[in-house]
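Next up is a structure, given as structure tokens.
The values are calculated or read from the model by the stated rules, or taken from the named source; none is laboratory data. Bear in mind the structure is a predicted one, so any value in this text is a computation, not a measurement. Cβ placement follows ideal geometry from the backbone for every residue including glycine, while neighbour counts extend to all protein chains displayed.
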Amino acid sequence: MKKETLLVCFRSEPVEDRLIARIAAAWPEVEIVNVGQRDVADALLEADYFCGHAKVPVDWERVVERKRLRWIQSSAAGMDWCLTPPVIASDITISTAAGVLSDQVAEHGLALILGWGRNLRSFVCDQFVEANNPDFRRFKRKPTFDLVERTVGIVGFGGVGRRFSEVVAPFAGKIIATDLYPENKPERVAELWSADRLDDLLAESDVVFLSLPLNSDTRGIINAEKLAKMKPGALLANLARGPIVETDALVDALASGRLGGAVMDVTSPEPLPAEHPLWSFDNVLITPHVAGQIRWRFDDVCDIFCENVRRYRAGEPLINRLSPLGKKLGFPLRDGTTPLWIDVKKQYSTRYSDAAVAYRRTY
């Protein structure tokens, strides 16, 4: 009898053997097909299960019509890559990697905000452009933007938003947040409001940190109207998805001087063309969607997948499983219907084992 097929695809090239060995040990009954992005779209048509993230166009309607694919374990937190109408309406089980990279994305966001506030962009540019200028090393007085006594507003209080509130807390004067499910407010957060109070957050915040999933409700949610509601001189930080912000409106807000600046790890379009006006602002910091690029990210993905394989085979609730509403929203709900990785990862993670520590030291 032919084995069921598990397709694995994390990045451009096939996954390294040591990770495939971990997966095979967790699920010996399946045949593992290990491909890179070039082959993933076709391979999905012949897969029973998929662990990974397709970064190329996939004919999801055709995948659903074949009625073969039964479970997608995403290696990414953002699910806009596969949550098309046919997939949302299907009975395909979907679990996400929400929370797997929350530490890295939160730290990257803090780095961008602090770097912007300390004018690192201009100093780094000078280092390469003016290094041979005899006046380069002379003292330059440039005003800074400090987080001390500032209000930081977090839009989207899931895995990344909650972790960011932890890393920014020692700096910020006050933290407020909005979320579709404003529950379990930590003490470090002064206010956790429902999503319909976004305007209140924008008006009060000196820094607005975006950590929303991309779906039909959030696409373009930060538009000209919302940008106009932000406090004059405020900083916008987008660590979510580029299309959440209307790029033309952001350019206008920056050009008018009303917005103090922007930092972002994501853009729309992505990658941002060389001639795009966002590159011309000296109060903008852009990184190329690299916030989650920790070297051992796929070890962490294997942690959640191997545990979910155990649960799947045992008929237990999957970590980060999307309910029907979760499929529409693009994230696992914090309502008790599914275990969340951000809450349980310390029970399962191998990152602190002797072998894992030794592996990381090789970098």
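Can you pull out every residue in region 65-75 that is closer than 22 Å to Cys306 by Cα, free of Cβ contacts under 8 Å to residues at least 40 places away in the same chain and either among the aliphatic types (A, V, I, L, M) or not in a strand (DSSP E or B) (or both)?
Across region 65-75, the qualifying residues are Arg68, Leu69, Arg70, Ile72.
Determine if region 140-156 includes at least one residue that is in contact with a Leu (Cβ under 6 Å, 6 or more places away or on another chain) and either of a type in the set (A, V, I, L, M) or assigned to a strand (DSSP E or B) (or both).
Yes, region 140-156 contains at least one residue that is in contact with a Leu (Cβ under 6 Å, 6 or more places away or on another chain) and either of a type in the set (A, V, I, L, M) or assigned to a strand (DSSP E or B) (or both).
Check whether at least one residue in region 275-284 is within 20 Å of Leu147 (Cβ to Cβ), touching a strand residue (DSSP E or B) at 6+ places or on another chain (Cβ under 7 Å) and surrounded by fewer than 23 Cβ atoms within 10 Å (Cβ to Cβ), and report yes or no.
yes
May I ask you to list the residues in region 25-35 that are surrounded by fewer than 15 Cβ atoms within 10 Å (Cβ to Cβ) and touching a strand residue (DSSP E or B) at 6+ places or on another chain (Cβ under 8 Å)?
Scanning region 25-35 gives a single hit, Glu31.
Restricting to region 152-195, give me the number of residues that are loosely packed, with under 15 Cβ neighbours inside 10 Å and of a type in the set (S, T, N, Q).
Matching residues across region 152-195 total 2.
I would also like to ask the following. If I ask for residues that are of a type in the set (A, V, I, L, M) and either more than 27 Å from Asp303 (Cβ to Cβ) or surrounded by 16 or more Cβ atoms within 10 Å (Cβ to Cβ) (or both), which ones from region 38-75 would you list?
Within region 38-75, Val40, Ala41, Ala43, Leu44, Leu45, Ala47, Ala54, Val58, Val63, Val64, Leu69, Ile72 qualify.
Residue by residue through region 221-242, note down the ones that are of a type in the set (Gly, Ala, Ser), in a loop (DSSP other than H, G, I, E, B) and surrounded by 15 or more Cβ atoms within 10 Å (Cβ to Cβ).
Within region 221-242, Ala234, Ala240 meet the criteria.
OK, next. Looking at (1) free of Cβ contacts under 8 Å to residues at least 40 places away in the same chain; (2) in contact with a strand residue (DSSP E or B) (Cβ under 9 Å, 6 or more places away or on another chain); (3) farther than 16 Å from Pro213 by Cβ; (4) not β-branched (Val, Ile, Thr), which is the only condition Gly242 fails?
Condition not satisfied by Gly242: (3).
Take the residues in region 91-129 that are part of a loop (DSSP other than H, G, I, E, B) and surrounded by fewer than 19 Cβ atoms within 10 Å (Cβ to Cβ), then tell me which one is modelled with the lowest pLDDT.
For region 91-129, the residue satisfying everything is Asn119.
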